[in-house]
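Trainee: Got a structure here, written out as structure tokens. Questions coming.
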Amino acid sequence: MEYNHRDIESRWQNYWKEHGTYNTEVDKNRPKFYVLDMFPYPSGAGLHVGHPLGYIASDIYSRYKRLNGFNVLHPMGYDAYGLPAEQYAIQTGQHPEVTTVNNINRYRSQLDKIGFCYDWNREIKTCDPEYYKWTQWTFIRMFNHYYDRDADKALPIAELIEKFEKNGTEGVNAASSQDMSFTADEWKAMTDKEKSDTLMNYRIAYLGNTMVNWCPKLGTVLANDEVSEGVSVRGGYPVEQKLMYQWCLRVSAYAPRLLEGLDRIDWTDSLKETQRNWIGRSEGAQMKFKVDGKDLELDIFTTRADTIFGVTFMVLAPESEYVDLVVTDSQRKEVDEYIAAIKHKTERERMIDKKVSGVFTGSYAINPIAGTRIPIWISDYVLAGYGTGAIMAVPAHDSRDYAFARHFNLPVIPLIEGADVSEESFDAKSGKMINSASDKLDLNGMEVKDAIAATKEFIEKEGIGKVKVNYRLRDAIFSRQRYWGEPFPVYYKDGIPCTMDDNQLPLQLPEVDKYLPTESGEPPLGRAKNWHTPEGYPIELCTMPGFAGSSAYYLRYMDPRNGNELVSHEANDYWRNVDLYIGGTEHATGHLIYSRFWNKFLYDLGLVCEDEPFKKLINQGMIQGRSNYVYRIKDTNTFVSYNLRKDYDVTPIHVDVNIVSNDILDIEAFKNWRPEFATAQFILEDGKYVCGYAVEKMSKSMFNVVNPDDIVEKYGADTLRLYEMFLGPLEQSKPWDTNGIDGVNRFLKKLWGLFYKGDTLLVDDAQPTKKDLKSIHKLIKKVSADIENFSFNTSIAAFMICVNELSQQKCHSREVLEKLLIVLNPFAPHVTEELWHILGNEGSICDAQWPSYSEEYLKEDEVTYAVSFNGKARFNITVPADMPRDEVEKTAIGAEGAKKWLEGKTIRKVIVVPGKIVNIVIG
RNA sequence: GCCCAGGUGGCGGAAUGGUAGACGCGCUCGUUUCAGGUGCGAGUGCUGCGAGGCGUGCAGGUUCGAGUCCUGUUCUGGGCACCA
């Protein structure tokens, strides 16, 4: 029998499906293990060969854990809401659901061909009402909770209302959009609308006027992680800043816990670092500066309180609410013009245009420690969204302040001994302080870090300010002016937002006639008929963003068909959290922050039992495309082979990589590829047309997209799986290069050859030889360790070595071969399942037991040592493996080859490295 | 500017401080075949006829011994960024 992958793979895929081999249930007698892939957004282009990389890795690990006795939860689903389906709907009028379902079906058929062990009974789609019911349900909980800083968790908003009724804001320590202060009586006197507005300051899901990233081209707002360098991540359209009344999630309240939680999870350092940067903790001081001649204090934030004596001016962000309060009448016109000009610019323009600009307000502030009178300016280099939107400028020790001071001719006072500030500022936090004394405080002579501490202590004591920690992490903007997303379970009663009752969920996405905004500029849901409650109250028109549905999907997999709860206590208590999460780095600051936030919120409510959702996370690298080129001689239809192209004036042209094999062009296929090439002529080298290549992004326009279906058809899923893993370390990005796939395919054929010669089954029950045992035990040891370390490429090398050894040793021992099959099963599930049954085993190989290895079989009879002199290896000696070290030393020194090195020298030291080297140090 | 990774043959890549280049691709030779392909066997870091010499981006250091540890430097890839 020949190795026929088509036969084998379809047969076993059907078997697994029919037998429900991979279905999973809670089983308290077995330890659980939860392996999760980041679920895909089903795009219209289908899967390319890069997508399954992480899925294959997680599949290997899942199968390995299962063979080791774990009850493995390994589900898959679809992140089904997203912009592309909606854009397509706008263009074609086709309902996004239709497109999405088609794409999902295509994904599913592609995934099925690769032989994954997903429990498809647990499949979820974020656009399924039975799924998004729980997204809406959680949103309502977020609306009805606030973050209590004293309890350090989310608490019901009713408890906050109680506090307001008793003592007003007195004693309330809660995360809020702005500081509020009122008495119980003032609270009671508020109208319902006023109370609602007040509570919005505290709710975890709240409506707020915030500066948002508005993308006019997409007609929607975007979250910070959906914008990169001033353009939208999807589509690359310009994004501008706009003040809008939007739903937001108070993610910032969780910033300290999101930061602290990183220390308890097993993620790569670089990913944790990326999150730490994104959260952006910075410890400093908030200080009050009096405005001269006005009853007003400016709050500023600084990490360099020590530089207080070098403050020569203040700067406000153009959007700062202080602006109106400090601008003098004489400066009003100039300021208004400046602010108008800034508003006109998009975020991108502001970033590209790094020219210094600003305007004087006409007012002065008083330095609370030095007592100096300093001008207050406005400039766009100060951001409204960070700190207080106002700074004290210390040009000598901050490069941005320095540039501003030089441009507007403001004084620069150096504060650190030896710092030369004639050309640039001195930003380093080191050195001895100078010029830093008044009758209140004397920092002169102190080291910078001592001066920072001393200043902080002073300002707290004097009530000038307080020590404060600031986070860069912003609240997530949660409204999208789009159709294809979860509707908000919110209606407006006399202008007051109210959430629906749980029994009204899911609030289903209504039908609309077009997927565009209405004529009056309302979101597409404004087109829906009867989009109001039975009482006639209008329902929110925005929908939720993409990350809403993907923030808790890992919980839903635990109990996907539960109609009464997001996840039952029993299921959650058993599966707990994700033990291994595999996916791309592109989600580092989006999904992976939101999910952690979402999970911590549910944890606060006692709905889940773990506060971190993903224990271990691995980022698989990206697979880039490898494009091929042909070289057309200019103005002809003649193509010249790669190595001969220098002799001609040629134009490189992308050629479809699917008609190129090992960089050799299939000329017939090329002629059929495009009509204009039908009559092409070729200048060959050695009778072949060799193509050039380049590593580029995998994309249709470069004709370098490799579809896994084609690889599966030609070589089989097992070969695809092995090859993707063999390509290199999992976490590294690498180009897809089909050259070399023959190597792993050849390996599978060799494996088959261990079992069959022609149609004769070779397997026997004879005792395995010592050598055979050694080969297989070496393999088990290596592969077990490699899988634990996610070093799959080296395991495959080990398989190749083992199969070569066994075939050389003509090993046909059932005992050895069965072990080989089990160990190989996670990598190549189809062929191993086939051979497992050929050996007469019943049931799936998945239920076998991972073999253990014994050092006993790995022992060597003889060991070869390299004998070196002063570290230079000179000759080898071979001695019995159990020879004691001092005997080995003597043998090495007495060996024939040692004579010439020892002549006239004294031996200083002899080092014996077990099994490797005898180093004789001579002098 | 700040923070991460990483530089090893023609290529992808292996190497608990212990014979650098496992394994695979490619290439060369032989063999099977009418032939091509496949299969099988041998070889393949550079240099030299050879003994040998030189080799892990560069420069130092620690060590009997460094691709691996330390210091500096340089290049490449990625992330963050008027964040006070």
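Trainee: On a C-alpha basis, how far is the centre of the stretch A:888-923 from the centre of the stretch A:533-587 in Å? Whole number, if you could?
Mentor: 68 Å
Trainee: Report the residues of the stretch A:41-66 in range of a label on A:K714: point 7 Å along Cα→C-beta, backbone N strictly under 14 Å from it.
Mentor: From the stretch A:41-66, the list is A:49.
Trainee: Mind checking the full-extension length gain between A:K514 and A:E260? Use 0.36 nm per residue of separation minus the Cα-Cα distance, one decimal, nm.
Mentor: On the way: separation 254, 0.36 × 254 = 91.44 nm, distance 4.61 nm.
Full-extension gain reported as 86.8 nm.
Trainee: Here's a follow-up. Distance between Cα centroids, the stretch A:851-881 to the stretch A:217-265: provide it in whole Å.
Mentor: 59 Å
Trainee: Quickly work out the A:N444-to-A:D7 label distance, labels modelled 7 Å from Cα along the C-beta direction, and quote it in nm with one decimal.
Mentor: 9.5 nm
Trainee: Positive end of the charge dipole of the stretch A:196-270 (Lys, Arg +1 and Asp, Glu -1 on Cβ, about the Cα centre): tell me which of A:L259, A:L218, A:S232 has its Cα farthest that way.
Mentor: Ranked along the dipole, the leading option is A:L218.
Trainee: Let me ask you something else. Using the Kyte-Doolittle scale, find the helices of chain A whose mean hydropathy is at least -1.0 and whose Cα atoms extend 18 Å or more along the helix's long axis, counting only whole DSSP H runs. Each step should come with its number before you reach the end.
Mentor: Working: long enough: A:5-19 (21 Å, -2.41); A:52-67 (22 Å, -0.34); A:96-112 (24 Å, -1.08); A:129-143 (21 Å, -0.72); A:329-344 (23 Å, -1.14); A:448-462 (21 Å, -0.33); A:591-604 (19 Å, -0.37); A:741-755 (23 Å, 0.31); A:770-788 (27 Å, -0.61); A:792-808 (24 Å, 0.84).
Helices meeting the criterion: A:52-67, A:129-143, A:448-462, A:591-604, A:741-755, A:770-788, A:792-808.
Trainee: While we're on this one: In whole percent, how big is the carbon plus sulfur part of the accessible area of chain A, probe 1.4 Å, protein atoms only?
Mentor: 48 percent
Trainee: Continuing with this model, one more query. Quick check on packing: order A:221-228, A:759-766 by the mean number of other C-beta atoms within 10 Å, highest mean leading.
Mentor: Values: A:221-228: 19.9, A:759-766: 11.4.
Output ranking for A:221-228, A:759-766: A:221-228, A:759-766.
Trainee: Quote the relative contact order of the stretch A:532-666 in percent (integer), defining contacts as alpha-carbon pairs under 8 Å separated by 6+ residues. Show your work: numbers first, answer last.
Mentor: Details: 144 pairs, mean separation 24.7, N = 135.
Result for the stretch A:532-666 is 18 percent.
Trainee: Relative contact order, percent, of the stretch A:863-911 when contacts are C-alpha pairs under 8 Å separated by at least 6 residues?
Mentor: On the way: 32 pairs, mean separation 13.0, N = 49.
The value is 27 percent.
Trainee: Can you tell me what share of the DSSP beta bridges in chain A is antiparallel? A percent to the nearest 5 is fine.
Mentor: On the way: 92 of 117 bridges.
Here the antiparallel bridges make up roughly 80 percent for chain A.
Trainee: Packing-wise, with mean Cβ within 10 Å as the measure, how do A:586-594, A:91-99 rank, highest first?
Mentor: On the way: A:586-594: 20.9, A:91-99: 14.8.
Top of the packing list down: A:586-594, A:91-99.
Trainee: May I pose another question? How much length, in nm to one decimal, is gained on full extension between A:K343 and A:E676, taken as 0.36 nm per residue of separation minus their Cα-Cα distance?
Mentor: Details: separation 333, 0.36 × 333 = 119.88 nm, distance 5.24 nm.
Result for the pair: 114.6 nm of gain on full extension.
Trainee: Any aspartates and glutamates with Cα under 18 Å of the A:K17 Cα? List them, leaving off those in the same chain fewer than 8 positions away.
Mentor: A:D7, A:E9, A:E25, A:D59, A:D112, A:D119, A:E123, A:D718, A:E833, A:E834, A:E842, A:D847
Trainee: What is the gain in length, in nm to one decimal, between A:R106 and A:R281 on full extension, counting 0.36 nm per residue of separation less the C-alpha to C-alpha distance? Please list the in-between numbers first.
Mentor: Working: separation 175, 0.36 × 175 = 63.00 nm, distance 4.40 nm.
Result for the pair: 58.6 nm of gain on full extension.
Trainee: Compute the distance from the alpha-carbon center of the stretch A:22-68 to that of the stretch A:472-499, in whole Å.
Mentor: 33 Å
Trainee: Another one. As a test, work out the antiparallel percent of DSSP beta bridges whose residues both lie in the stretch A:818-923, rounded to the nearest 5.
Mentor: Of all bridge pairs located within the stretch A:818-923, approximately 80 percent are antiparallel.
Trainee: Are any of the pairs A:K432/A:K461; A:K113/A:K781; A:K770/A:K819; A:K774/A:K810; A:K166/A:K288 more than 21 Å apart by Cα-Cα distance, and if so, which? It would help to have the intermediate numbers written out before the result.
Mentor: Values: A:K432/A:K461 24 Å; A:K113/A:K781 30 Å; A:K770/A:K819 15 Å; A:K774/A:K810 14 Å; A:K166/A:K288 31 Å.
Table pairs above 21 Å Cα-Cα are A:K432/A:K461; A:K113/A:K781; A:K166/A:K288.
Trainee: In the stretch A:654-679, which residues have a backbone nitrogen under 17 Å from the label point lying 7 Å from A:K688's Cα in the Cα-to-Cβ direction?
Mentor: Correct set: A:657-670.
Trainee: So which GluC sites (Glu not before Pro) in the stretch A:857-923 end up in coil per DSSP with only 15 or fewer other C-beta atoms within 10 Å?
Mentor: On the way: sites: A:E860, A:E862, A:E887, A:E889, A:E896, A:E903; in loops: A:E860, A:E903.
Passing sites in the stretch A:857-923 are A:E860, A:E903.
Trainee: Next question, about the same structure. Over the alpha carbons of the stretch A:1-89, what is the largest minus smallest coordinate on each principal axis, giving the biggest first in Å?
Mentor: Here the spans come out as 47, 43, 23 Å, largest first.
Trainee: Can you tell me the FRET efficiency between A:V695 and A:I667 if r is taken as the Cβ-Cβ distance and R0 is 35 Å, rounded to the nearest 0.05?
Mentor: Details: r = 25 Å, r/R0 = 0.70.
E(calc), rounded to 0.05, equals 0.90.
Trainee: Also, I was wondering about something else. May I ask you to order A:508-520, A:361-373 by the average number of other C-beta atoms within 10 Å around their residues, highest value first?
Mentor: Values: A:508-520: 13.8, A:361-373: 18.7.
For the peptides A:508-520, A:361-373, the packing ranking is A:361-373, A:508-520.
Trainee: Kindly provide the GluC sites (Glu not before Pro) of the stretch A:2-34 that DSSP labels as loop, not H, G, I, E or B, and whose Cβ sees at most 13 other Cβ atoms within 10 Å.
Mentor: Numbers: sites: A:E2, A:E9, A:E18, A:E25; in loops: A:E2, A:E25.
Within the stretch A:2-34, the qualifying GluC sites (Glu not before Pro) (loop, at most 13 other Cβ atoms within 10 Å) are A:E2, A:E25.
Trainee: If I take R0 = 45 Å and measure r between the Cβ atoms of A:D420 and A:Y245 in this structure, what FRET efficiency does the formula 1/(1 + (r/R0)^6) give, to the nearest 0.05? Each step should come with its number before you reach the end.
Mentor: On the way: r = 50 Å, r/R0 = 1.11.
Taking R0 as 45 Å, the efficiency between A:D420 and A:Y245 is 0.35.
Trainee: Next question. If the stretch A:450-584 were replaced by its equivalent ellipsoid, with semi-axes equal to the square roots of 5 times the Cα gyration tensor eigenvalues, what would those be, largest first, whole Å? Kindly include the intermediate steps, with their values, before the conclusion.
Mentor: Details: eigenvalues 315, 150, 54 Å².
Gyration-tensor ellipsoid for the stretch A:450-584: 40, 27, 16 Å.
Trainee: Just want to confirm a number: the relative contact order over chain A, from Cα pairs under 8 angstrom separated by 6+ residues, in percent.
Mentor: Numbers: 1675 pairs, mean separation 118.8, N = 923.
That works out to 13 percent.
The values are calculated or read from the model by the stated rules, or taken from the named source; none is laboratory data. Not measured: the values here are computed from a predicted model. Because the Cβ atoms are built from the backbone with ideal geometry, glycine has one as well, and the counts that use them run over all protein chains shown. For accessibility, only protein heavy atoms count, side chains too; no ligands or nucleic acids. Shrake-Rupley method; radii C 1.70, N 1.55, O 1.52, S 1.80 Å.
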